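Asks: Got a structure here, written out as structure tokens. Questions coming.
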Ligand code: UD1
């Protein structure tokens, strides 16, 4: 069976890694790994291939940056050619990026079945490009791998027939378990001169947070007042460009408080997350990772697609509201048992064997 897997952005490489390894174990599968080139910086792509021990993609379409229509359109044109050349029996697309949607659309229009990994996640916020991408992808897929029962129900509620949906669990959880031992041993805290629980992790890259300098400034201002806690901020390339225009970053409090670093590797990021007092983020994946690592998460958005984490009380949505940010942080700081409480929560994201199940389901569908 020729299985094409389309990736392009950093989180897609991570969530696909365990699926790639599982596929490579099966002699019945010829894996065709295609990189759209959406992310092209070393730290956003190449570095992860090494760390996750992944084979080189069969092709990198080199699409790069651009507006949504330009980026998605260029991917569509290139992916259509690639699919026609390589003749896959199925195209698997992970997550919710422009690469996901382009892969799904190019395939389904050539009558090649589409399988969607991370199907049924919903924030119900159509201002987010990712929400548009995942909804459209789900509705042109014939095999939908849902991370949780909740995702299955959301899909069924949209009229997608249950015979197309599989409750697989979450492959990011598989990836995390597979890298846990090495992640535990990295030297990143020493390298950054940090101590366990004496810092917080901050990541920001959503256009709604970083494209307006006053919003970025508001969030940073609310964080630098956290007493006794350093802020480790691995900066996404999109954010790096914008941060240069934020005056506050040159102030003494920000310079002393914030450790601006390049995007770190996967295991270093897990290490930083597991040892942090808390995480502030607008990323989707990091909300789940913080949950699995029992670190409280404060999400700098008004909605989330991973509502399981907020329903369980492990994740608090604060948007960019400084008062809500301060209140949520205070509550965590004052609760000495917070990590122990998070440890007792039941994990709705599967048992760490999602990738194995996904490959089995794909082979059954052949
Ligand atoms: C994309 C995904 C998002 C995912 C995120 C993870 C979409 C719509 N968004 O957002 O779902 O959570 O990746 O990181 O697909 N850039 C670089 N170097 C790179 C990559 C990007 O400099 O390696 C710059 C580009 O100039 C670009 C900007 O960052 O304009 C944004 O990149 P883009 O791929 O459009 O989206 P992300 O914000 O990274």
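Asks: Which whole-number percentage describes the relative contact order of segment 211-366, with Cα contacts under 8 Å and a sequence gap of 6 or more?
Replies: Once divided by the residue count of segment 211-366, the mean separation gives 19 percent.
Asks: Something else: Sorted from fewest to most neighbouring beta carbons within 10 Å, what does the list 42, 266 look like? Provide the component values of the computation, followed by the final result.
Replies: Details: 42 11, 266 22.
Lowest count first: 42, 266.
Asks: Roughly how many whole Å is it from the C-alpha centroid of segment 280-353 to that of segment 1-76?
Replies: 29 Å
Asks: Please say if the chain is rounded, prolate or oblate, where rounded means a/c under 1.5 for a ≥ b ≥ c the square roots of the C-alpha gyration tensor eigenvalues, and otherwise the choice is prolate for a/b larger than b/c and oblate otherwise? Intermediate values should be presented prior to the final figure.
Replies: Values: a/c = 1.73, a/b = 1.56, b/c = 1.11.
Here the chain falls in the prolate category.
Asks: Right, next: Tell me the relative contact order for the chain as a rounded percent, counting alpha carbon contacts under 8 Å between residues six or more apart. Before the final figure, lay out the partial values.
Replies: Values: 681 pairs, mean separation 57.9, N = 366.
Reported relative contact order: 16 percent.
Asks: Rank these for me by crowding, 338, 19, going from fewest to most other beta carbons within 10 Å. Write out the running numbers ahead of the final one.
Replies: Working: 338 18, 19 26.
Exposure proxy ranking, most exposed first: 338, 19.
Asks: For each of 311, 268, count neighbouring Cβ atoms within 10 Å of the residue's Cβ, then give the residues from fewest to most. Display every interim value, and only then the final one.
Replies: Numbers: 311 11, 268 20.
Result, fewest neighbours first: 311, 268.
Asks: Only helical DSSP H runs with n ≥ 4 go in: add -39500 (n - 2.57) per run for the chain, normalise by residue count and round the 222 nm mean residue ellipticity to 500 deg cm²/dmol.
Replies: Calculated mean residue ellipticity at 222 nm is -13500 deg cm²/dmol.
Asks: Is the C-alpha gyration tensor of segment 180-343 telling us rounded, prolate or oblate? Criteria: a/c under 1.5 is rounded; beyond that, a/b larger than b/c is prolate, otherwise oblate.
Replies: Cα axes put segment 180-343 in the rounded bin.
Asks: Please give the peptides 29-35, 79-85, 272-278, 196-202 ranked by average Cβ packing (other Cβ atoms within 10 Å per residue), highest first, as a rough proxy for protection. Don't jump to the answer; show the numbers that get you there.
Replies: Details: 29-35: 20.6, 79-85: 17.1, 272-278: 23.1, 196-202: 18.7.
Per-residue mean Cβ counts within 10 Å order the peptides as 272-278, 29-35, 196-202, 79-85.
Asks: Using Cα atoms only, what is the angle between the long axis of helix 266-275 and the major principal axis of the chain, expressed in degrees (0 to 90) to the nearest 10?
Replies: In the chain, helix 266-275 runs at an angle near 40 degrees to the longest axis.
Asks: Next up: Checking the a/c ratio against 1.5 first, then a/b against b/c, what shape does the Cα gyration tensor give for segment 58-166?
Replies: On the way: a/c = 2.43, a/b = 1.38, b/c = 1.76.
Because a/c hits 1.5 or more and a/b fails to exceed b/c, segment 58-166 counts as oblate.
Asks: Report the relative contact order of segment 130-237, percent, no decimals, based on alpha-carbon pairs under 8 angstrom and at least 6 residues apart.
Replies: Taking the mean separation of contacting Cα pairs over the length of segment 130-237, I get 20 percent.
Asks: Now, a different point. Nearest 10 degrees, 0 to 90: what angle lies between the long axis of helix 10-25 and the longest principal axis of the chain (Cα atoms)?
Replies: In the chain, helix 10-25 runs at an angle near 40 degrees to the longest axis.
Asks: Does anyone have the angle between helix 129-139 and the longest principal axis of the chain? Alpha-carbon axes, 0 to 90°, nearest 10?
Replies: That helix lies at roughly 30 degrees to the long axis.
Read the figures in this text as sums done on the coordinates, not as results from a lab. Predicted, not measured: the structure shown is a model, and the values here were computed from it. Neighbour counts are summed over all protein chains in view; Cβ atoms, including those assigned to glycine, are modelled from backbone coordinates with ideal geometry.
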